[in-house]
Each structure stands twice: as structure tokens, then as C-alpha cells.
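Structure first, commentary second.
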Amino acid sequence: MLLGQRLTENRLWYIIKSRKTLQENKMNLERFLKVQEQTYKEIRDLRVLDTGAKADVALQERRGGFFVSLIHASDITRNAARLSSKIAHIVPSITYQCEHIHTTVGRVIKEFGPHFYCDPDSETNRNVLALLGEIVKDAMTKLNTPYPKIIYTEYLTTRNSVIAIGAPNEWFTNFAEALVDISKQAGMEIAPPWGAHITVSRFTEKITKKELGGLSDLLRIYTPLGISIPVAVAIGYTFRRREEQKCRDLRETPGHFKPYIVFALSFRNTSL
């Protein structure tokens, strides 16, 4: 088995086929979309572009943990990474490369917090990642929607980041719910996501209203990411080295998501 081993470029990917079912899926999706839209509304009501933004506290605290994430196809990651680079030329922020682009589906609650530094070779962290991998494999057997689909329609500036907002299909909410249920049975509690967004930028300094003007112009003309059919599910962790505690420039301690095990998704009839 590949559990407990670090992911390399040539390492075998697991092929997962969805089967079995969860009940009340449609209602779960409706609830999720309602909460997500309310969150987006609250962010818009902050009128960040009119009041200014600030450095991401998660970067300042070196916050991190273990996650389950969706990995997108290359057309999505290229466009998102290109936008991230353009933003970094306008305001001080973290640059996301293609390999950093993802959508979070779950977060291990207990280990999440400030000053997170994961050594995947340590027995403790290796055991967490191994168990998380087993939970993901089990959850993926309990889905009846054939494949994940997220429609990204626009970009939104928060107090400390820029996200691509997206509306998922039932696969996303079914999978998130399965992760929560199965993790409780396994003694590892996973928190579900509040949204199906992609983070494309995190601010590393205070940004004034004037400085945000150029960012607003960019986001207004940049083409939305559109429809994504994610190609894999990855378990992984926030990657930071302990020596990054001394970094004053937050751009030097980005804390990107680092995949540890990747489960490739195999679909049929994925007509958009």
C-alpha cells in the first residue's frame, strides 16, 4: 500500500469508482448552497474594495493542518495561477503556482491551528495521514453522483484574500458529508467546507483602498474559471519548515497545501 509514503511524480495513483448511496442528497446540496451564498453576501457587504484589506492572520500565525482537497484539471490551475501572479504584481500577496491550486473538501479538526509544522516522516504525522487516506477511500465508495462538477463564475475579494467562487454539484456535498460521518466512526473528526471556492491569493501586508483599485480593475476583466471537473482527490497538509518562523516577509512562508496521497478520479459520460 502507498499509505504512509510521500507522493512522487511517478508514484501510482489510485483509481476510484463511485458506488453506493447517501440519502437526502438534494436537500444537503440545497443547504450547502444557501449557507455558501449567505457567506458570499456577508463578504460583499464588507465592501473591502472601499475600505481596504489586511495581511492574512493565518499566514502571520503560521496556521495549518491536514486536509482533503480536490485537484483541478490543468486548464483551471493554469488560469488560476496566472491570475495569482498578476495579483502579486499589483498588491503584496502569496503567489499560487499550478500545483498549489485546489478546493478544500475537509479539514482534520484536532491538528488544525497556529505554528503547524508537519514532518510526514514522523510516526505521529504518518499515522494521521494514513488514517485520513483510509477515510477518503471509504467515503468515495458511498457516492451516487458520477463525478464532481464546480462552476466558477466570478472572483471575490475578502478581508485578506481573493477567491474564485463556485457552485458545486451533489458529488461535492455528498463526499463532504461522507468524510464527516466516516471520520467520526474512525475517531478522527473532519470539518466540512463552508464553500467550494478556490483561493488564488492571500495578502501579506495591509492594503489601502487606493492600492486595491488596480486589483478591482483586474478582477473585473479577468475571465472566470468556468466549469471544473476535478481530476483527483488529495490528502495532504500545510507545508512549512520550522525555520520559516523567523520570516518577516510573509511571502516567504506561504503555507501551500502539499499533497501526500492522490486518488485519481475516473469518470464516464462527463458531458458539460
- Among Gly195, Pro224, Met140, the residue whose Cα sits farthest towards the positive end of the charge dipole of the chain, when +1 is placed on the Cβ of each Lys and Arg and -1 on the Cβ of each Asp and Glu, is Pro224
- Going from the alpha-carbon gyration tensor of the range 194-272, what semi-axes, largest first and in whole Å, does one get by taking the root of 5 times each eigenvalue? 30, 24, 7
- Item | Charge dipole (debye, nearest 20) of the chain; +1 at Cβ of Lys and Arg, -1 at Cβ of Asp and Glu | 200 debye
- Message: Taking just the alpha-carbon atoms of the range 82-241, what radius of gyration and Dmax come out, in angstrom?
- Response: 17.4, 51
- Take the Cα coordinates of the chain, assign each an equal point scatterer, and use the Debye formula without solvent to give log10 I(q)/I(0) at q = 0.07, 0.14, 0.15 Å⁻¹. -0.24, -1.02, -1.17
- Message: From the mean inverse distance of alpha carbon pairs (Kirkwood) and the Cα radius of gyration, derive Rg over Rh for the range 134-218.
- Response: 1.13
- Note on the structure: Here the gain from full extension of Ile109 to Asp50, 0.36 nm per residue of separation minus their alpha-carbon distance, amounts to 17.8 nm
- proj_area_mean for the range 57-112 (convex hull on C-alpha atoms), units nm², value 4.4 nm²
- Query: Modelled label-to-label distance, Glu243 and Lys41, 7 Å Cα→beta-carbon offset: nm?
  - Reply: 5.0 nm
- Mean projected area (nm²) from the convex hull of Cα positions in the range 83-161 is 8.2 nm²
- Rounded to the nearest 500, what is the chain's calculated 222 nm mean residue ellipticity when only DSSP H runs of at least 4 contribute -39500 (n - 2.57) each, over all residues? -10500 deg cm²/dmol
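Values quoted throughout were computed directly from the atomic coordinates according to the rules given, and no laboratory measurement underlies them. What you see is a predicted model, and the numbers here were worked out from it, not measured in a lab. Every residue, glycine among them, receives a Cβ derived from its backbone with ideal geometry; neighbour counts consider all protein chains shown.
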